[in-house]
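**Student:** The structure under discussion is supplied below as structure tokens; questions concerning it will follow.
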């Protein structure tokens, strides 16, 4: 006999059904069934993560892949609960209603279910912007712990039941594979700081190569449409023409020091280069009549504001100041241009001027960094971003610079506010540096009801929203790493760093020592464990379990 299983003792209680002591008998067949369910649960976790990391525009929390993971959990829960119910009905106590080694499966199933409910509650409450790394949110930690309880049951069962010194592959394989799955879950939760994935886990994200493309979406964040394909170019800072038919935007080749203005149709067709000037040419804005485009250019080193016709003719310089002059925005009546500048010192301030560059008037006075303004549809108010505490927030003021009101107050950098054409909403971009992502939000003009429209996952950056003239669409740019190996670099953290490798190595060594102390293993057993750990050292992207949320839940 390779296994030992003591027969249950029967205790007859007066007037009651006989109660069985001990555990229900286990078997190799039961171990393989438990292992199969553990493999399914683990595969669901990895498959969901892989899919979400390769589909950057998922916009809901409950995706089909997350549904598959939860469906797998339901299969596991149904299996263990059914077996436990039958054994309890046969006379075993609730605490011993599963074979020996599987007694932690029921608490694991219950905790996992609570973790799923907590995950959904966390998403509905905090969305993608809770200032907690996704896998260290309380629900995710509960899911990790309970998953380990479930996946480790075949390992514990074989360890407790197989007593011979030299077990065969058939008896010991469930323990080996179960131990490998335990290691897989650990790597899943710490692999993003794995040195074998990224040589320097503390590398600055700014050093990564990024692709930036233009997108359209509805005002509620739905129906996202991809307009450009970056390849070796980036495209951003788009503005839709007053007739709603064309888009002017900035584009350049990644790694080059210059960029130019381009015009294309709203559907992305008929792309034409507008400028061919030295330096950086960006921030293009259509005049209300659609006959002129204002933009800032480093044509003569120092960025200044220029105007140009949509056909590329009649280039005129409007500013000539010692500091940077950038970010031109036309007033609704076309009589003024709002911009921000360092012309009066080190701080950025907002200014108004005429379309010919005359009558430059400073609007903001305090020693703050005031930038990226936008007029209300009636032209009487301006929203802008200002760095006054430890980050940028959105403010509103009268056109003459009076009556300043703060609209946002959180830990993110909030910039590029833009009024909707009907004046009922303000969009802006919100940079969550801790989560390494940027989302586009929409709020009321008084700062109430902020709503995340893009619901990005970790590492995805949506920027600079702008409304179509009829208010039916929002155009914006989204940045993401050009290759998956670069995207994995987003999952680096200085909190864990190379410490994750130490934890994984300690677990692997402990697993091997436990196995060789317990049994004389079949030839190739340790090779199986080592090979499995090597394959899993580069996981498919460990930071998401669901659509866009909670890292946005696992999405790229």
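Read-outs throughout are calculated quantities, based only on the coordinates presented, and are distinct from any laboratory measurement. Everything numeric here is computed off the predicted structure, so don't read it as measured data. Quick reminder, even Gly has a Cβ in these numbers, built from the backbone with ideal geometry, and neighbours come from all protein chains shown.
**Student:** Let a ≥ b ≥ c be the square roots of the eigenvalues of the Cα gyration tensor of segment 228-336; is it rounded (a/c under 1.5), or, if not, prolate (a/b larger than b/c) or oblate?
**Tutor:** Cα axes put segment 228-336 in the oblate bin.
**Student:** Among rounded, prolate and oblate, which fits segment 351-430 when a ≥ b ≥ c are the square roots of the eigenvalues of its C-alpha gyration tensor, a/c under 1.5 means rounded, and a/b larger than b/c means prolate?
**Tutor:** oblate
**Student:** Only counting other Cβ atoms within 10 Å, I'd like 222, 251 sorted with the fewest neighbours first.
**Tutor:** Final ranking by Cβ density, sparse to dense: 222, 251.
**Student:** Right, here's the next one. Fewest Cβ neighbours within 10 Å first, please rank 388, 140, 94, 29 accordingly.
**Tutor:** Ascending Cβ contact count within 10 Å gives the list 29, 94, 388, 140.
**Student:** On a full-extension model of 0.36 nm per residue, what is the gain between residue 117 and residue 317, subtracting their alpha-carbon distance, rounded to one decimal in nm?
**Tutor:** Result for the pair: 66.1 nm of gain on full extension.
**Student:** Please work out the FRET efficiency for the pair residue 79 and residue 531, using the Cβ-Cβ distance as r and a Förster radius of 22 Å; give the result to the nearest 0.05.
**Tutor:** Taking R0 as 22 Å, the efficiency between residue 79 and residue 531 is 0.20.
**Student:** Could you tell me the distance between the Cα centroids of segment 223-284 and segment 353-426, to the nearest Å?
**Tutor:** Using only Cα atoms to place each centre, the spacing works out to 25 Å.
**Student:** Whole Å is fine, so just give me how far the alpha carbon centre of segment 139-163 lies from that of segment 450-477.
**Tutor:** With segment 139-163 and segment 450-477 each reduced to a Cα centre, they are spaced 43 Å.
**Student:** Separate question: How far is it, in nm, from the label point at residue 472 to the one at residue 388 when both lie 7 Å from their Cα along the line to the Cβ?
**Tutor:** Label at residue 472, label at residue 388, 3.9 nm between them.
**Student:** How large is the translational diffusion coefficient of segment 210-482 in µm² per second when you combine the Kirkwood radius over alpha carbon pairs with Stokes-Einstein at 37 °C and 0.692 mPa s?
**Tutor:** 177 µm²/s
**Student:** Another question, then. Extension gain residue 354-residue 124, at 0.36 nm per residue separation less the Cα-Cα distance, in nm?
**Tutor:** 78.1 nm
**Student:** Extension gain residue 93-residue 222, at 0.36 nm per residue separation less the Cα-Cα distance, in nm?
**Tutor:** Extra length available between residue 93 and residue 222 comes to 41.2 nm.
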